[in-house]
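Let me begin by presenting the structure, written as structure tokens, before commenting on it.
The values are calculated or read from the model by the stated rules, or taken from the named source; none is laboratory data. Bear in mind that the values here come from a model prediction, so they are computed numbers and not experimental data. Quick reminder, even Gly has a Cβ in these numbers, built from the backbone with ideal geometry, and neighbours come from all protein chains shown. Keep in mind that these areas ignore ligands, DNA and RNA; they rest on the heavy atoms of the full protein, side chains included. Shrake-Rupley method; radii C 1.70, N 1.55, O 1.52, S 1.80 Å.
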Amino acid sequence: MAITLNSGFEMPIVGLGVWRMEGKDIRNLLINAVKIGYRHFDCAADYQNEREVGEALTEVFQSGLVKREDIFITTKLWNSDHGHVVEACKNSLKKLCLDYLDLYLVHFPIATRHTGIGTTSSAIGEDGFLDIDTTVSLETTWHAMEDLVSMGLVRSIGISNYDIFLTRDCLAYSKVKPAVNQIETHPYFQRESLVKFCHKHGICVTAHTPLGGAVANTEWFGSVSCLDDPVLKPKNTRRRSVRLFFAGAFSETRLSFQRLQN
């Protein structure tokens, strides 16, 4: 299943996120994912594993398992590279061993002090807080993202973790509309207003934690995974619970990225 983005390109409706995948495991995970049908892989400079993903993709293409045009690759611009969009994109392309990206997202709507291309550090200021770069606006960042499309480096561009107000602003100053807004949305955090707003304006919504971000959210916030919710657990197997969540998501034309941690 695929959906046509406002850029005219098709995006597979289910993708595999590589967040938290360890370098040594990526090769087998990605190759096996392709074998069982995955055609969309969601990456990010901040995940610090683009190089390993690129090596796995190269093997997949060279083996003839699939062609480049059969695979949809997403990656993301990190906060510290907002003032260096073209360089950051080219760095990700080099690591991923690709000539173009299918989708490039602004990972978070915040610019922090530049620490070097591809380092993805979160610089801390003298006051002990995140060192925000107030010289780079989100509008400036977006226009640099638009340049990537003109240069042929990226087919579609989008945003990530933007709320309804920042999404509205992006629509106001954009020449190329964001094709995607990738956000946290799942049964515990449905964000109906934001989802409807995006759909109304032709922006596809992807859920980066469609099952509740089980491992990460449990570690960070002590929350219970959707799959372990007492409402579902006594009556359903874990596999059936996943199917129920995805059925609900697709019925509202949401898109889901399935994380291994879920």
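The single residue among Thr112, Thr120 that is surrounded by 15 or more Cβ atoms within 10 Å (Cβ to Cβ), closer than 30 Å to Arg68 by Cα and among the hydroxyl-bearing types (Ser, Thr, Tyr) turns out to be Thr120.
Given the conditions (1) free of Cβ contacts under 8 Å to residues at least 40 places away in the same chain; (2) of a type outside the set (Ser, Thr, Tyr); (3) in contact with a Gly (Cβ under 9 Å, 6 or more places away or on another chain); (4) within 23 Å of Met1 (Cα to Cα), report the number of the one that Arg68 does not fulfil. With (1) free of Cβ contacts under 8 Å to residues at least 40 places away in the same chain; (2) of a type outside the set (Ser, Thr, Tyr); (3) in contact with a Gly (Cβ under 9 Å, 6 or more places away or on another chain); (4) within 23 Å of Met1 (Cα to Cα) applied to Arg68, the lone miss is (3). Residues in region 13-38 that are touching a residue at least 40 places away in the same chain (Cβ under 8 Å), outside any loop (DSSP other than H, G, I, E, B) and over 13 Å from Val53 (Cα atoms): 2 in all. Flag not set for Gly128, criterion: surrounded by 17 or more Cβ atoms within 10 Å (Cβ to Cβ), among the small types (Gly, Ala, Ser) and either without any contact (Cβ under 8 Å) to a residue 40 or more places away in the chain or assigned to a loop (DSSP other than H, G, I, E, B) (or both). Of all residues in region 71-90, those that are under 18 Å from Thr120 (Cα atoms), of a type in the set (A, V, I, L, M, F, W, C) and part of a strand (DSSP E or B) total 1.
For region 123-158, filtered to residues that are among the charged types (D, E, K, R) and closer than 19 Å to Ser80 by Cα, the residue that is modelled with the lowest pLDDT is Glu126. Per the conditions (1) on the phi > 0 side of the Ramachandran plot; (2) surrounded by fewer than 16 Cβ atoms within 10 Å (Cβ to Cβ); (3) in contact with an Asp or Glu (Cβ under 8 Å, 6 or more places away or on another chain), the sole criterion not satisfied by Gly152 is (3). Checked against the criteria, Leu105 does not count as of a type in the set (A, V, I, L, M), on the phi < 0 side of the Ramachandran plot and either open to solvent by 40 Å² or more (accessible area, probe 1.4 Å) or in a helix (DSSP H, G or I) (or both). Quick check on region 39-52: of everything there that is farther than 30 Å from Thr135 by Cα and part of a helix (DSSP H, G or I), which residue is least open to solvent (accessible area, probe 1.4 Å)? Ranking the candidates gives Glu52 first. Would you point out the residue of region 59-89, among those that are of a type in the set (S, T, N, Q) and out of contact with any Asp or Glu (no Cβ under 9 Å at 6 or more places or on another chain), that is least open to solvent (accessible area, probe 1.4 Å)? Of everything passing the filter in region 59-89, Ser63 is least open to solvent (accessible area, probe 1.4 Å).
Residues considered: Leu138, Leu166. Of these, the only one that is in contact with a Leu (Cβ under 9 Å, 6 or more places away or on another chain), within 28 Å of Leu96 (Cα to Cα), open to solvent by 20 Å² or more (accessible area, probe 1.4 Å) and of a type outside the set (Val, Ile, Thr) is Leu138.
This table checks each residue for (1) closer than 15 Å to Met145 by Cβ; (2) in a loop (DSSP other than H, G, I, E, B); (3) basic (Lys, Arg).
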position	(1), (2), (3)
Gly54	no, no, no
Gln62	no, no, no
Val66	no, yes, no
Glu69	no, no, no
Ser92	yes, no, no
